[in-house]
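Read the figures in this text as sums done on the coordinates, not as results from a lab. This is a predicted model, so every value here is computed, not measured. Using ideal geometry, Cβ is built from the backbone for each residue, glycine included, and neighbour counts are taken over all protein chains shown.
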Ligand code: G1P
């Protein structure tokens, strides 16, 4: 089994109902933060972390995601003819960014099932999972930090964040204790998907970045529907925990929940403020509003 993490799975088959009407025709993963689809933030993070092969788990009507990473002949030819060099480089850069494969999740059976759909494309090697809704601003990239932990610890690694209060029930939550040597690492003993606040085992919420060993695929094949009636990735990893070590990792960086309207607005404002070409102008504009 190759130990290098070379492949990243992007579950992206959902209907995106939280963003209707914008997502009636457009995949939610193609909604932009400033001028870049949220999916591209995740793909760029993967590539900057050493990933070579992107695996999209898609659904009906979501072909725009594959088209985005393909060559756009008409666009490139027009930009070339008009001498728009920078835009041409931008467009060509996206299509040559990475090797992209896709597989369909035919039924919405849950995140665990979506990851299982990538089994053949991943094969017998450790792999990453990136949930494109979670846009993470971090240097070094969140996934790169996690690959460092995977290489050091030799077990699956889940990104985590501390969530105090009832908001914890929106997440998968870890049970266990922080590593005495490194407080960023959490030694897992269990996990539960979307627990009620009163029974949440800790404040360590799983965020949409995972490095998993391929054994999880066989376990997901036998995972029964759990929280909200879906086959949960958390339940598959919980089964993995009976056989292998699993670690939580509090990454350095800031996560935005771009699957939520408020989180999307926060991401848009913060990424816009960082843009050299209009960040200052935008800051002055925001100040003028309050
Ligand atoms: C999914 C996972 C959950 C995780 C969350 C992070 O939930 O099932 O364990 O905490 O992503 O964003 P979803 O947000 O798809 O309901």
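Ranked by how many other Cβ atoms sit within 10 Å of their own Cβ, fewest first, the residues 278, 19 fall in the order 278, 19. Where both bridge residues fall in the chain, DSSP classifies roughly 60% of the beta bridges as antiparallel. Of 137, 124, the sequence from fewest to most neighbouring Cβ atoms within 10 angstrom is 124, 137. By the helix-only formula, in which each DSSP H run with n ≥ 4 contributes -39500 (n - 2.57) and the sum is divided by residues, the chain has a 222 nm mean residue ellipticity of -9500 deg cm²/dmol. Here the residues 113, 222, 68, 53, ranked from fewest to most Cβ neighbours within 10 Å of their Cβ, fall in the order 222, 53, 68, 113. The relative contact order of the chain, computed from alpha carbon pairs under 8 Å that lie at least 6 residues apart in sequence, is 22 percent. Reducing segment 141-196 and segment 50-97 to their Cα centroids gives an inter-centroid distance of 34 Å.
Given the chain, what whole percent of its Cα pairs are spread farther than 37 Å? Percentage above 37 Å: 14. When the Gaussian network model of the chain links Cα atoms closer than 10 Å, the mean-square fluctuations of 27, 276, 11 top out at 276. Highest GNM mean-square fluctuation among 245, 119, 81, for the chain modelled with Cα contacts below 10 Å: 81.
Here segment 83-205 carries DSSP beta bridges of which approximately 100% are antiparallel, counting only pairs with both residues inside.
Build a GNM of the chain with springs between Cα atoms under 10 Å apart, and of 225, 108, 21 the one that fluctuates most is 21.
Note on segment 2-111: antiparallel DSSP beta bridges, both residues inside, total approximately 15 percent of the bridges counted.
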